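J.: Have a look at the structure that comes next, please.
The values are calculated or read from the model by the stated rules, or taken from the named source; none is laboratory data. Everything numeric in this text was worked out from a predicted model, so none of it was measured. Please note: Cβ atoms are built from the backbone with ideal geometry, for glycine as well, and neighbour counts cover all protein chains shown.
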Amino acid sequence: GNSVTQMEGPVTLSEEAFLTINCTYTATGYPSLFWYVQYPGEGLQLLLKATKADDKGSNKGFEATYRKETTSFHLEKGSVQVSDSAVYFCALYKAAGNKLTFGGGTRVLVKP
Amino acid sequence: DAGVTQSPTHLIKTRGQQVTLRCSPKSGHDTVSWYQQALGQGPQFIFQYYEEEERQRGNFPDRFSGHQFPNYSSELNVNALLLGDSALYLCASSLAGGSLNEQFFGPGTRLTVL
């Protein structure tokens, strides 16, 4: 079946540091890939997405590239802010299953 | 444009009781999916409703049931509550046939079972 594996957190960084969160997936065919963010006490917000190999999704300074050869979709941001403190979820979607499959989430804490 | 709304925000129940959670989809959306997010974990797909019928179902027991109304809103019912049902329940709406079936999430209902 489909699955998503993320690096475990928490990840603690200082403001303006570089952030990378690793995400790999297992799925047949060509799933669509997503990063969602969950701020404390809130639901999930779509951060970025990519629908095919080599696509780069980007939003709010975050980027992730769909790598079919390594089945990966790593999230990066060049300079984090305290307001980026949240839990980040990698997810995949396949039309056949018509549902999102999530990784376990990675908590990021950015200190001033 | 109102996004996805859920009610109630929080709920406390005891083992064996039944609970109903409610969701109103984003305007223009016709498909509602429900997810369970246990503490410290990623959301797990429960089921999806479209045209008032359950279209897909995840690996959840029959104690979990749902309904979709003609206005596309939805309910999630859980019978015979167990301690392990304590979680954040997320509703997501989407447009069938839309690009990527992109799902928009509500803020969730936090259920605590004592």
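J.: So which of A:GLY57, A:GLY61, A:GLY29, A:GLY78 is more than 11 Å from chain B (Cβ to nearest Cβ) and within 22 Å of B:THR31 (Cβ to Cβ)? Steps first, please.
T.: Values: A:GLY57 fails: within 22 Å of B:THR31 (Cβ to Cβ); A:GLY61 fails: within 22 Å of B:THR31 (Cβ to Cβ); A:GLY78 fails: within 22 Å of B:THR31 (Cβ to Cβ).
None of the others qualify; the one that does is A:GLY29.
J.: Something else: Does B:ILE46 satisfy the condition of being assigned to a strand (DSSP E or B), exposed (fewer than 15 other Cβ atoms within 10 Å of the Cβ) and at pLDDT 95 or above? It would help to see each step written out before you state the result.
T.: On the way: assigned to a strand (DSSP E or B): yes; exposed (fewer than 15 other Cβ atoms within 10 Å of the Cβ): no; at pLDDT 95 or above: yes.
Considered against the rule, which asks whether it is assigned to a strand (DSSP E or B), exposed (fewer than 15 other Cβ atoms within 10 Å of the Cβ) and at pLDDT 95 or above, B:ILE46 comes out as no.
J.: Can you tell me which residue is nearest to the other protein chains (Cβ to nearest Cβ) among those in segment B:60-114 that are closer than 14 Å to B:HIS10 by Cα and loosely packed, with under 15 Cβ neighbours inside 10 Å?
T.: Residue satisfying both the conditions and the ranking: B:THR112.
J.: Please specify each residue of segment B:31-52 satisfying the condition of being of a type in the set (Gly, Ala, Ser) and facing chain A (nearest Cβ under 8 Å). Working first, answer last.
T.: Taking segment B:31-52 first, the residues of a type in the set (Gly, Ala, Ser) are B:33, B:38, B:40, B:42.
Of everything in segment B:31-52, those that are of a type in the set (Gly, Ala, Ser) and facing chain A (nearest Cβ under 8 Å) turn out to be B:SER33, B:GLY40, B:GLY42.
J.: Go through (1) of a type in the set (D, E, K, R); (2) at pLDDT below 95; (3) assigned to a strand (DSSP E or B) one by one and return the number of the condition B:LYS26 breaks.
T.: Among (1) of a type in the set (D, E, K, R); (2) at pLDDT below 95; (3) assigned to a strand (DSSP E or B), the lone unmet condition for B:LYS26 is (3).
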